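Here the structure is laid out as structure tokens; the discussion comes afterwards.
The values are calculated or read from the model by the stated rules, or taken from the named source; none is laboratory data. None of these values were measured; they are calculated from a predicted model. A quick note on method: Cβ atoms are made from the backbone with ideal geometry, for glycine too, and the neighbour counts reach across all protein chains shown.
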Ligand SMILES: NC(=O)c1ccc[n+]([C@@H]2O[C@H](COP(=O)([O-])OP(=O)(O)OC[C@H]3O[C@@H](n4cnc5c(N)ncnc54)[C@H](O)[C@@H]3O)[C@@H](O)[C@H]2O)c1
Ligand SMILES: [Zn+2]
């Protein structure tokens, strides 16, 4: 078992990582909440069908009165309408201010449940029990919650830290292959921005990780969570430092938006975004060519990525419209070496154009039979 402290000011908490943890989640929750009775497990049908019984049995064994509250699956249900629907169900089930909400699912369930918990009866406690790689290495840590608007993703949201995060890598065994791999790019990102040993370990253990070896997964998740915990603890409300977590996301988000969120899974777009950022870093002399190539190989080694076909000028235009753009300046997070990144504000659009052209070229290469 690995316990990672997340030292936020108001109430520090832990991420607990262990294979099989879902089967003793009830006991872990008891440690955190010795006198509470009721908890409400927010989840989606695919997760409930595969893991609901195990989790509910462990909650019952620790004397929790637990009820499941379901939402519809998928990013398009990450809306305020879903939050309203869940809240109405909770009221009908008698959830009061002492109720504990358990977010049991991927990042969508985590973000929706966190948001719901932050406003339900002016705020109730939430526990994250993430079930995808993205949620285990990233979304469940740090207290960012949110839902989407028609105008864009995550435009409504709050900061609401969980009381504990329970991570069971074994739950990942039922995750579809593409979802699994896509999440690994976020772990790789953690390696590049601050944990060179994570990047190297992922290079060395690639096959065992792809086989979902529990020991390797526990290690990879713990290292990623440690990195995120350090950054979040130093910058709870995303004033500056936390921006490094957006490595790969500047161009990644634009690629997702340009394909209307249909072509890439989030992590896949971030994979391309990391390659683009490394190209920009090499061309502008922020890093050396060898580092950029190593990052590119490190990213491409996990299997086939959906190709990039975007026109470079569309990407440049989308970057100007990104909500993270401040005063018309696009912020890029660029690697200086493996394990270190810098925020750079003055990347000329020609470099972005060149990098996107490079991604298109690599994509064509990936499609050629080998
Ligand atoms: N709050 C944050 O800091 C933060 C960080 C990163 C991402 N996010 C958010 O996370 C969301 C993406 O999360 P995601 O990639 O986990 O997607 P997701 O929550 O949509 O889950 C992906 C799919 O996997 C299924 N699933 C989940 N666990 C499973 C399991 N163990 N076995 C089988 N199927 C399973 C889900 O039902 C869903 O169909 C986005 O909305 C993004 O904005 C938030
Ligand atoms: Zn991401």
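Some observations on this one:
- Unmet criterion (only one of (1) more than 23 Å from residue 7 (Cα to Cα); (2) within 16 Å of ligand 2 (Cβ to nearest atom); (3) free of Cβ contacts under 8 Å to residues at least 60 places away in the same chain) for residue 187: (1)
- A single entry from 171, 141, 192 fulfils the requirement of being at pLDDT 95 or above and in a loop (DSSP other than H, G, I, E, B): 141.
- Condition met for residue 104 (closer than 25 Å to residue 218 by Cα and outside any helix (DSSP H, G or I)): yes
- Checked against (1) modelled with pLDDT of 95 or more; (2) under 18 Å from residue 249 (Cα atoms); (3) in contact with a strand residue (DSSP E or B) (Cβ under 8 Å, 6 or more places away or on another chain), residue 274 meets all criteria but (3).
- Any chance residue 268 is closer than 24 Å to residue 200 by Cα, within 14 Å of ligand 2 (Cβ to nearest atom) and either assigned by TED's automatic domain parsing to the domain that holds residue 358 or surrounded by fewer than 24 Cβ atoms within 10 Å (Cβ to Cβ) (or both): yes
- Test result for residue 240, within 30 Å of residue 317 (Cα to Cα) and surrounded by 23 or more Cβ atoms within 10 Å (Cβ to Cβ): no
- The C-beta contact set for segment 142-165 (first residue within 28 Å of residue 226 (Cβ to Cβ) and without any contact (Cβ under 8 Å) to a residue 40 or more places away in the chain, second residue assigned to a loop (DSSP other than H, G, I, E, B) and more than 16 Å from ligand 2 (Cβ to nearest atom), distance under 6 angstrom, 6+ apart or interchain) comprises 145/158; 145/160.
- Meets criteria (part of a loop (DSSP other than H, G, I, E, B) and modelled with pLDDT of 95 or more) for residue 178: no
- Among the residues making up segment 166-177, those that are without any contact (Cβ under 8 Å) to a residue 60 or more places away in the chain and under 16 Å from the mean Cα position of the chain (by Cα) are 172, 175.
- Residue that is modelled with the lowest pLDDT [pool: residues in segment 236-253 that are more than 11 Å from ligand 2 (Cβ to nearest atom) and within 17 Å of the chain's Cα centre (by Cα)]: 238
- Filtered residue count, segment 21-36, keeping only those that are loosely packed, with under 14 Cβ neighbours inside 10 Å and not in a helix (DSSP H, G or I): 2
- Qualifying positions in segment 241-263 - in contact (Cβ under 8 Å) with a residue 60 or more places away in the chain and assigned to a loop (DSSP other than H, G, I, E, B): 247, 248, 261
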